[in-house]
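Worksheet: the structure to be examined is printed underneath.
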Amino acid sequence: MSVSIFLKHLAATAYNTIFRRNSVYVGSVFAAAFVFGIGFDSGVTAFWDSWNKGKQWKDIRHKYVQDEE
């Protein structure tokens with residue numbers, strides 16, 4: 001029973017803070033999409049780098065390029 005009350009309270013809070021006004025709802029959708037995009041890109045990049053470790057230019061550059069200092 002307490003889970004049901006908690007969910008009702010959570011739904012009411014979400015409605016009153018996000019979904020009640022269209023401008024806030026649209027802003028929330030854009031903000032969530034932006035955050036998701038950044039997180040997804042970071043996750044895919046980390047996966048790609050770990051999957052291809054030792055095969056990328058940043059990993060083998062020191063073998064072919066000598067820095068002139």
*Verdict on VAL24 being at pLDDT below 95, under 24 Å from the mean Cα position of the chain (by Cα), surrounded by 10 or more Cβ atoms within 10 Å (Cβ to Cβ) and not polar (S, T, N, Q)*: yes
*For region 35-67, what are the residues that are open to solvent by less than 50 Å² (accessible area, probe 1.4 Å) and of a type in the set (Asp, Glu)?*
ASP49, ASP59
*How many residues does region 1-21 contain that are open to solvent by 100 Å² or more (accessible area, probe 1.4 Å) and of a type outside the set (Val, Ile, Thr)?*
8
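The values are calculated or read from the model by the stated rules, or taken from the named source; none is laboratory data. Quantities reported herein were computed from a predicted structural model and do not represent experimental measurements. Note: ideal-geometry Cβ built from the backbone for every residue, glycine included; neighbour counts use all protein chains shown. Just so you know, the surface numbers come from the protein's heavy atoms only, side chains and all, with ligands and any DNA or RNA stripped out. Shrake-Rupley method; radii C 1.70, N 1.55, O 1.52, S 1.80 Å.
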